[in-house]
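The values are calculated or read from the model by the stated rules, or taken from the named source; none is laboratory data. What you see is a predicted model; the values in this text were computed from it and never measured. Virtual Cβ from ideal backbone geometry, glycine too; neighbours counted across all protein chains shown.
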Amino acid sequence: MIKWICGNSPAPTYRNARLPRPVMTAAFRLSPLVARIALLIAATTHVVAFGVAEQISFSRDVRPILSDHCFACHGPDEQTREAGLRLDQSESAMSVVAPGDADASELWLRVIEHDPDMVMPPPAVKKPLSTEQIETLRQWIEQGAPYDGHWSFRPIADVNPPRVPDDNWSTSPVDQFVLRELRRQGITPSAPADAIALCRRITLDLTGLPPTAEQIERFCNDVPERAVERLTERLMRTPAYGEHMAVAWLEAARYADTDGYQNDRYRYQHVWRDWVIDAFNRHMPYDQFVIEQLAGDMLPAATLRQQIATGFNRNHRINSEDGSIPEEWRTEYVADRVDTFGTVFLGLTVGCARCHDHKYDPISQQDYYQLFAYFNNVAETGVGPNNGNSPPFVPVPESWPLLSDDEDRFVTPEPVKLRRSREAAGNALRRPQPGSPQTVMVMHELDQPRRTFVLARGRYDQPDKNRPVRADVPAAFATMASSDESPPSNRLELARWLFRDDHPLTARVAANRIWQHFFGRGLVPTPDNFGVQGTPPSHPELLDYLANQLIESGWDIQAIQRLILDSQTYQQSSRLTQRSAKNDPDNRWYSRFPRVRLTAFQIRDAALASSGLLVRNVGGPSVKPYMPPKIWSAMSNNKYQQDNGGDLFRRSLYTYWRRTIPPPTMVGFNAADREVCAVQTQSTNTPLQALTLMNNKTFVEAAKWLARRMMTESDTPIDHGFRLVCGRPPVDAESKVLKEVHDHFLDVYSRDKPAAKQLLDTGEAVGPGVASAPEHAAMTMVASTILNLDEAVTKP
């Protein structure tokens, strides 16, 4: 070792001469020596501290380093590849790696070099490796440089729940995987959540609504061993279950009520939304759920419902601007379908290969256009109509309600006045249109398939006539097919291909999103990227176990949901202790249940439910609740025609969604904008959110009606209101503060009765008076305070 450190032997030659080797000057001779000494010290320190160096995993430890720092120039993209070297493939990488001998490996010698003309990565890319990363590469090489494929492309492992010594905690296979990792990290799980918090958590997760007082009481009085199971079964049988499960799917499917782009004309696609809600409420298996949406029109003797399901592929934006080039926009629609397919079902960023080979994942430009060919045979034009649905579409029975044709037209003040009454507005907006059956946009194959070519730089007007393609899956997946199985030749076969027993991605991606639904973050934190640039799973064996369970259950989504809900991992307290904050600050190892803010939809729906205003009608056309005045004026002359009556208080997933101006309350709480597919939304905290909860008309009216309930249903109104919103009784300190709020505003409104009347005049819901105006107004401010609590908008 001393001889190696002090030696002045020349660096080994690059065996395949793939990289240029500038002449090393004497000025740089010392740099490798210093680097070797530093790394030797680091390695020695590591061994002293931990006994022996940990076995390095290529997928977990090495591939992320190469992906972040090397693949851009030495990866899958042939157009940007330097020196003909690929580090994403073992055959090529071994030309610069000598397994078991770092000193003979050009890869390691280059990363420890200080000569700017020789060091890798080059200084110009501004992605230097850290000392720890270099040491990881050295250990990997010394351990034999084992190469394995990217974790998500490998077959799903058939894993059994691990046996953990002295395990008195686990009640579910999920817990066994989680507890093993907690033990490895030296962390203990949290205590169980209290019954009220757990009931509220489960109810919000399965229905999107807070539990009623009766539901909480029934849960708390149930046999503890069966309480979760029984509550779960009751909630899964409610219509609210399908509505809540549909929300994330609508965002993934980029559902909206308008076409987008500059004109943003209205469309009638709500029948597809009803299909999704109904599918969840009928507990449709996931494979059927997906196949019908991707290719229901191609099923033998396809039913109307199966054709409607394919609206999933038509939810993309459509351009109707004058002067648009039809073929340009038709190409964009097909590309949108390909990108959505890749994100939702494969968890891959396939769109990165539209213009060139993917820089990180094994998806070539050829692969991209082979997928493109599956979705390129729709009988559609590139430019949409002035208003309404773009063909192909199918008529649906008139018994299915329809928004009137004039609801989004240019209007004058006269018809606006006529629509002020609930009866007039309701009849105009909901009446089936005589002689004009409503339609829903669907998929329909051309009799003669379109020819598909690779598009140079992804441009519609630059097809490479020398590169025709046929429909096929990416070459990286070709090894999945057994000898007697041919590649999928059409959209239906593509949909069925997703559910082949040996498919590595479909079940993993689906299981990860089910986990994400409950914990706010998937086992793979990047649900839209299971590729090399994505974050590896925190619990890879647990992910594979859930994926296998999903397959073996017949793709039963509820079976996986039950498995999670029955676990101690899910039923932990969310209380952050000093110990868990120190040992598991990001909750990567699930040492506690994560406190996650409710979604935009849940926040509004919970306020309406607690106040008693929520109208629980299921399905039908979108509705237009309160919005800021002239909200649409900035984009067009179209005027927002607010609904009246019960339609103001429908669940939020039915709110009319205009792409260019989405509902501000929803977007303010991080709902997806529906422009493109979204399988994960960010969570931000801004002052505007608090202002919305305090001043938005819907929340003010909800507070007013919550105050009515507080005063009419209990002799202790403040405690009652707190229970209605948070599920639990307030502690003494909380009651004291709320009593002070009440007394303060009672004094204010007793001296300013016009202000009290102005507050109580908010909204259109009417009912008999319950108290003096000052008292009702003061209690409304108490109710508003409760609705603004962190606990009111956070899953416990």
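Please verify whether ARG183 is of a type outside the set (A, V, I, L, M, F, W, C), without any contact (Cβ under 8 Å) to a residue 60 or more places away in the chain and farther than 30 Å from SER610 by Cβ, treating the condition exactly as stated. For ARG183, the condition - of a type outside the set (A, V, I, L, M, F, W, C), without any contact (Cβ under 8 Å) to a residue 60 or more places away in the chain and farther than 30 Å from SER610 by Cβ - is met. Would you be able to say whether some residue in region 358-376 is assigned to a loop (DSSP other than H, G, I, E, B), at pLDDT below 95 and in contact with a Lys or Arg (Cβ under 9 Å, 6 or more places away or on another chain)? Checked against the condition, which is being assigned to a loop (DSSP other than H, G, I, E, B), at pLDDT below 95 and in contact with a Lys or Arg (Cβ under 9 Å, 6 or more places away or on another chain), region 358-376 yields no hits at all.
Is at least one residue of region 521-529 modelled with pLDDT of 95 or more and part of a helix (DSSP H, G or I)? Scanning region 521-529, I find no residue that is modelled with pLDDT of 95 or more and part of a helix (DSSP H, G or I), so the answer is no.
Here VAL532 clears all of (1) modelled with pLDDT of 95 or more; (2) part of a loop (DSSP other than H, G, I, E, B); (3) buried (at least 21 other Cβ atoms within 10 Å of the Cβ) except the condition numbered (1).
Scanning for something among the small types (Gly, Ala, Ser), modelled with pLDDT of 95 or more and touching a Ser or Thr at 6+ places or on another chain (Cβ under 6 Å), does region 559-571 turn up at least one residue? Even if it seems obvious, please write down each step before you answer.
Our first condition is that a residue be among the small types (Gly, Ala, Ser); within region 559-571, this holds for 559, 567.
Checking the rest, the ones that are also modelled with pLDDT of 95 or more come to 559, 567.
Narrowing further to those that are touching a Ser or Thr at 6+ places or on another chain (Cβ under 6 Å): 559, 567.
Scanning region 559-571 turns up at least one residue that is among the small types (Gly, Ala, Ser), modelled with pLDDT of 95 or more and touching a Ser or Thr at 6+ places or on another chain (Cβ under 6 Å).
A single entry from GLU380, GLU327 fulfils the requirement of being charged (D, E, K, R), modelled with pLDDT under 95 and farther than 22 Å from LEU498 by Cα: GLU380. Within region 74-82, the presence of at least one residue that is assigned to a loop (DSSP other than H, G, I, E, B), modelled with pLDDT of 85 or more, out of contact with any Pro (no Cβ under 6 Å at 6 or more places or on another chain) and closer than 18 Å to LYS127 by Cβ is confirmed. Remark: pairs (first residue in region 769-796, touching a residue at least 24 places away in the same chain (Cβ under 8 Å); second residue part of a helix (DSSP H, G or I) and acidic (Asp, Glu); Cβ separation under 7 Å; 6+ apart in sequence or on different chains) are absent. Applying the criterion of at least 2 residues that are over 26 Å from VAL524 (Cα atoms) to the helices (runs of 4 or more DSSP H) found wholly in region 97-188 leaves 106-112, 131-142. Among residues of region 609-618 being touching a Phe, Trp or Tyr at 6+ places or on another chain (Cβ under 8 Å) and surrounded by fewer than 18 Cβ atoms within 10 Å (Cβ to Cβ), the one that is nearest to PRO210 (Cα to Cα) is GLY612. Evaluating ARG708 against the criteria (1) in a loop (DSSP other than H, G, I, E, B); (2) farther than 30 Å from LEU348 by Cβ leaves one unmet condition, (1).
Applying the selection to region 567-594, what residues are in a loop (DSSP other than H, G, I, E, B) and either of a type in the set (Phe, Trp, Tyr) or under 14 Å from PHE519 (Cα atoms) (or both)?
Initial filter on region 567-594 (in a loop (DSSP other than H, G, I, E, B)): 567, 573-577, 584-594.
Passing the criteria: SER567, SER573, SER574, ASP586, ASN587, ARG588, TRP589, TYR590, SER591, ARG592, PHE593, PRO594.
Is it true that SER59 is modelled with pLDDT under 85 and more than 30 Å from LEU542 (Cβ to Cβ)? Break it down stepwise before answering.
Values: modelled with pLDDT under 85: yes; more than 30 Å from LEU542 (Cβ to Cβ): no.
Answer is no for this residue.
Restricting LEU231, LEU198, LEU204 to residues that are touching a helix residue (DSSP H, G or I) at 6+ places or on another chain (Cβ under 9 Å) and without any contact (Cβ under 8 Å) to a residue 40 or more places away in the chain narrows the list to LEU231. Scanning region 666-681 for residues that are farther than 26 Å from ASN387 by Cα and either β-branched (Val, Ile, Thr) or part of a helix (DSSP H, G or I) (or both) gives GLY668, VAL679, THR681. Within region 628-646, the set of residues being within 18 Å of THR258 (Cβ to Cβ) and either modelled with pLDDT of 95 or more or of a type in the set (Ser, Thr, Tyr) (or both) comprises SER633, SER636, TYR640, GLN642, ASP643.
Kindly state which helices (runs of 4 or more DSSP H) lie completely within region 213-302 and contain at least 3 residues that are under 30 Å from PRO488 (Cβ atoms), outside the structural domain of CYS726 (by TED's automatic domain parsing) and not aromatic (Phe, Trp, Tyr).
Details: elements: 213-221, 224-236, 239-252, 270-281, 286-295.
Counting at least 3 such residues, we get 239-252, 270-281, 286-295.
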